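Take a look at the structure below.
The values are calculated or read from the model by the stated rules, or taken from the named source; none is laboratory data. Since the structure is predicted, the reported quantities are computational estimates derived from the model, not experimental observations. A quick note on method: Cβ atoms are made from the backbone with ideal geometry, for glycine too, and the neighbour counts reach across all protein chains shown.
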Amino acid sequence: MLLSRLLESGQKVAAVTRREEISHVLRTRGPVLRDEQGERTLHGDLELFVQPPSEGSYDFILLATPPNGVEAAARDSAHLLAPDGALVVLQNGLCEELVAQVVGEHKVIGAIVAWGASSPAPGVYERTSSGGIVLGTLQGGEPDARLLRLAEVLRAVSPVDFTRNLRGARWSKLAINCAISTLGTVGGSRVGPLLRHRFVRRLAMEVFTEVLQVARAEGVQLEKVASTVHLEWLTLRESELRSPASPSLLGKHLLLFAIGLRYRRLRSSMLAAIERGREPPVDFLNGEVVRRGKAHALPVPVNERLLEAVHAMSRHELAPGVETLRSIHARTRPQRKS
C-alpha cells in the first residue's frame, strides 16, 4: 500500500521484497492499487531487490515486515542508512524498542498507521479503512527537521500528525490491535459483523481494560491515536466489571458498534497469515500484554485466552468463528464477575 501510493505521487522508491513471486509481478506488471478512487495499475521509478543491497545511503528506510521479522530487517538494512538517517517502524506492537536495540534510539522513528489495508493477491494492495499516520520518536519532544521531512514524504500516502508521547500512542494502538485484530482473527470475520454481537464488544472492552492496566504499570500514559477515540473511554470501571449493564456501558457499546460500522471491511492480517500458513504475530500483540502483565503480577485473562486461541488456530487445533469467541467469553466470566 505504501509502495503504491509513493509511486503514484512520483517518488523514487527502492524496495526489498524477499518473495520472488511478488518481485516478478511488480517488475512485469507493476503494483495494483484499490482504494476509494477505484482500481489502477501503477508505474513509476521502482527499484527492486530480493536482498538488501550491499551499499547505499538512504535518509529513511521503511520497515514494512511483519513484527516477527522487524529485528532481522533492521540488522540487514542498518548499513544503508545515511549518517542522519533513520529506520521507520511501521509494525504493530512495541517494535520501536526492538529496533532501537539494533541501531540505537536516535536512529528510530515510530510511524503508527491508523488505516487498514490488505494484499488479496501478490502485487495487489487494497485499502480497507481510512485514517492517517502518527510520527514520533522514543525520546519525545517537538518534531525536528528529520520528522518534518519524513512527514512530507508520507503525506503522499495519508494525512500525517505528530506525537510527543510515542510510547503512549503506540500502547493505544497496541490495545486496538489486541482487541480488533485478534478478535477478528479468532472470530474468523471482518470487524463489522463481529462487533454486532454484544458479547464481542464486551470482550473488546475487557481487552482495552487489561492493556490500560499493564500500560500504567509500565509508567505509560495512553495517547489518542489520530482520529480514533481515546482508549481510556472504552475501558471498564470497577463497577462496570461487576455489572453487565449500566447507562455508561450502553454508551460504550454504542460507540464500539459505530466503530464496527466505520471499519466494517477491515480484516485481520493475522487471519490472512494463518490462512497462508505463516506465523501470526500475536506474540507481539496480546503476547506482549500477557508477558508484561505477568512481570507486574497483573492478571490479563482475556488477552491470555485470545493468545492461546490464535496459537491453537495456527496449529490447526482450533477453528475460527463466533462460537470460538463465545467460548472465550464464557471461560473468562468467573474472573471478570459479569
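Overview of results
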quantity: Any strands (runs of 3 or more DSSP E) falling wholly within segment 15-56 and containing at least 2 residues that are within 24 Å of the chain's Cα centre (by Cα); calculated: 32-35
quantity: Output for segment 142-169, where each listed residue is in contact (Cβ under 8 Å) with a residue 12 or more places away in the chain and part of a helix (DSSP H, G or I); calculated: Arg146, Leu147, Arg149, Leu150, Ala151, Val153, Leu154, Leu166, Arg167, Gly168, Ala169
quantity: Residues of segment 283-310 satisfying the condition of being surrounded by fewer than 24 Cβ atoms within 10 Å (Cβ to Cβ), within 19 Å of Gly69 (Cβ to Cβ) and in contact with a helix residue (DSSP H, G or I) (Cβ under 6 Å, 6 or more places away or on another chain); calculated: Phe284, Gly287
quantity: Qualifying residue in segment 122-130 (condition: assigned to a loop (DSSP other than H, G, I, E, B), assigned by TED's automatic domain parsing to the domain that holds Leu46, within 19 Å of the chain's Cα centre (by Cα) and surrounded by fewer than 23 Cβ atoms within 10 Å (Cβ to Cβ)); calculated: yes
quantity: Odd one out for Val88 among (1) assigned to a strand (DSSP E or B); (2) over 18 Å from Ala15 (Cβ atoms); (3) touching a residue at least 24 places away in the same chain (Cβ under 8 Å); calculated: (2)
quantity: Segment 23-45, residues that are crowded, with 16+ Cβ neighbours inside 10 Å and out of contact with any Leu (no Cβ under 9 Å at 6 or more places or on another chain); calculated: Val25, Arg34, Asp35
quantity: Single residue of Gly110, Gly104, Gly140 found to be surrounded by 18 or more Cβ atoms within 10 Å (Cβ to Cβ), outside the structural domain of Ser268 (by TED's automatic domain parsing) and of a type in the set (Gly, Ala, Ser); calculated: Gly110
quantity: Check on Gly30, without any contact (Cβ under 8 Å) to a residue 24 or more places away in the chain and either on the phi < 0 side of the Ramachandran plot or out of contact with any Cys (no Cβ under 6 Å at 6 or more places or on another chain) (or both); calculated: no
